[in-house]
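Visitor: Below is one structure. I have some questions about it.
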Amino acid sequence: VMPLRARLASPELDPESDPAFGQRSDSIRRYNIAVTDIELDGGAWDGGLVEELASLGRLQQQQGNHIGAIQTLDRAIHVNRINSGLYTLEQIPVVEQLISSHMALGNWEEADTYNNYLFHVQQKAYGLNDPRLIPVLDRLATWNVQAFKIGYGNLLGIKLRQSQIMFNAAARMVSLHFGKADKRFINYQRNIATSAYLVAKN
């Protein structure tokens, strides 16, 4: 995965120069029509809207319209919660898309909120000791290191400490379910050491 600073520094391609730009614009028009039709038949909270809105938001992202994508994806999440409950795992891909658009716009507070929300939802669904939580811990720990590096937040040391806690928990879970010979265990030990070094240095 490319470091956050490198991603921010690298110039983004102009979506309009993409040969598929016009095709995506047509698809966006069709999805907007489909959303309107569903609303007319089932109302503003019809569960069938979720998939259409998620696809529409993804296309808006690809067009470089992150503000529009955020509005669309946020609505998809709310419709999903109303129809399936607050902690449904179905919303995870949509929340991940939403985070991508917030990061593209430099909305670090929103990115932080939704990264923590992703963790909360999956912890609720899987429980504390399920191995499916390992990549979830990894993601939040990595985000906290990234947040520290870009200088997000008033108490940056807390972000590093949180990353240590998450990497530690991931290492313990790998050891418990897969043994210390698993290469992820070594990687998490390295990440713990790196976080500790950053804490000491800063």
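The values are calculated or read from the model by the stated rules, or taken from the named source; none is laboratory data. Keep in mind that what you see is a predicted model, and the values were worked out from it rather than measured. So basically every Cβ, Gly included, is an ideal-geometry build from the backbone, and we count neighbours across all protein chains shown. To get the accessible areas, we keep the full protein, side chains included, count just its heavy atoms, and leave off ligands, DNA and RNA. Shrake-Rupley method; radii C 1.70, N 1.55, O 1.52, S 1.80 Å.
Visitor: If I ignore ligands, DNA and RNA and count only protein heavy atoms, how much of H102 is accessible to a 1.4 Å probe, in Å² to the nearest 10?
Guide: 10
Visitor: Continuing with the same structure: Using the Karplus curve 6.51 cos²θ - 1.76 cosθ + 1.60 with θ = phi - 60°, what ³J(HN,Hα) values do you get for each residue of the stretch 48-53, in whole Hz, with x for Gly and Pro?
Guide: Going residue by residue, I get x, 6, 4, 5, 5, 5 Hz, with x marking Gly and Pro.
Visitor: Order Y87, Y31, most accessible first, counting only protein heavy atoms with a 1.4 angstrom probe.
Guide: Y87, Y31
Visitor: Additional query: Longer than 24 Å from Cα to Cα, which of K149/K201; K124/K149; K180/K201 are they? Say none if no pair is.
Guide: Pairs exceeding 24 Å: K124/K149; K180/K201.
Visitor: Another question, if that's okay. Using only the Cα atoms, work out Rg/Rh for the chain, with Rh taken as the Kirkwood radius, to two decimals.
Guide: Ratio value, two decimals: 1.03.
Visitor: Now for a different question. Between S84 and A181, what FRET efficiency follows from the Cβ-Cβ distance if R0 is 41 Å, with the result rounded to 0.05?
Guide: For R0 = 41 Å, the calculated efficiency reads 0.55.
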